[in-house]
Structure formats: C-alpha cells, structure tokens
C-alpha cells in the first residue's frame, strides 16, 4: 500500500512539472511569434515594405523550429491552423498585397493566443 502511494505521488509530481515546463515553452513561443507578427503589422501600417519578404521568411523559420517541439504535446490541427495563416500571410506579402495581410496577421495572433489558453492548466479547461 505504501509503495502505491509513493508511486502515485511521483506520477502526480511528474505530471505537474511536465505541465509547467510545456506551458512555459508554449507561452514563450506564442509571445515571441506574437511580437514578431505585431512588428510586421506595424511595418505594414507604416508602409515600410523594404525587406518584408526576408522578415516573413525569418518568421516562418522560427515557427518551424518551434512547431517541431510544440507538436509533441499540442494538437496538430491547432498548429496547422497557425501554419495555414502564415502561408496565406506569406502569399500576400510575396504578391505585394501587404494591406490584405493585416487580417491574416490578426488571425494568426488569435490562433497563437488560443493555443496558449487551451494548453493552460486552468479550471475552465477541465470542464
């Protein structure tokens, strides 16, 4: 009986620590991507189109690096939604439709915040 309680306590502690680590990484990734996308949005609003394709490529590279680790514990369809928005954003920028990119940026930021909120250990996520 004593062994089962100790094993159960160890499992609960491991789950709590694992959740804290993954939540921290998810928050860090979402914040970084949101910041990059917000800067891109400001540049579009200020009509600073120079080097925008390079910046978009940098954002995509960052996303792919983050996505590899996030895919271990976040639903793939959630990550695919963000990727779809990034591809639409990249297409608009490459087609020089920068003004049409602003809604895509907003959708992407929303998706990132949704992923962050959904993966949080919160009472509303239990019920």
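The values are calculated or read from the model by the stated rules, or taken from the named source; none is laboratory data. All values reported here derive from a predicted model rather than from experimental measurement. Using ideal geometry, Cβ is built from the backbone for each residue, glycine included, and neighbour counts are taken over all protein chains shown.
Taking the range 77-102 as the range and being loosely packed, with under 14 Cβ neighbours inside 10 Å and modelled with pLDDT under 90 as the test, the residues that pass are 94, 95, 96, 97, 99. Selection of the range 32-41 for residues being in contact (Cβ under 8 Å) with a residue 60 or more places away in the chain and either exposed (fewer than 14 other Cβ atoms within 10 Å of the Cβ) or assigned to a loop (DSSP other than H, G, I, E, B) (or both) yields only 38. Do we find that residue 66 is surrounded by fewer than 18 Cβ atoms within 10 Å (Cβ to Cβ) and either at pLDDT 90 or above or on the phi > 0 side of the Ramachandran plot (or both) in this structure? Considered against the rule, which asks whether it is surrounded by fewer than 18 Cβ atoms within 10 Å (Cβ to Cβ) and either at pLDDT 90 or above or on the phi > 0 side of the Ramachandran plot (or both), residue 66 comes out as no.
The residues in the range 58-95 that are more than 22 Å from residue 115 (Cα to Cα) and in contact (Cβ under 8 Å) with a residue 12 or more places away in the chain can be counted, and the count is 3. Hey, does the range 1-16 have a residue that's surrounded by fewer than 13 Cβ atoms within 10 Å (Cβ to Cβ), modelled with pLDDT under 90 and outside any helix (DSSP H, G or I)? Yes, the conditions are met somewhere in the range 1-16. In the range 1-26, the residues that are closer than 18 Å to residue 67 by Cα reach residues that are at pLDDT below 90 and part of a helix (DSSP H, G or I) with C-beta atoms within less than 6 angstrom, at least six apart or across chains, in these pairs: 26/116.
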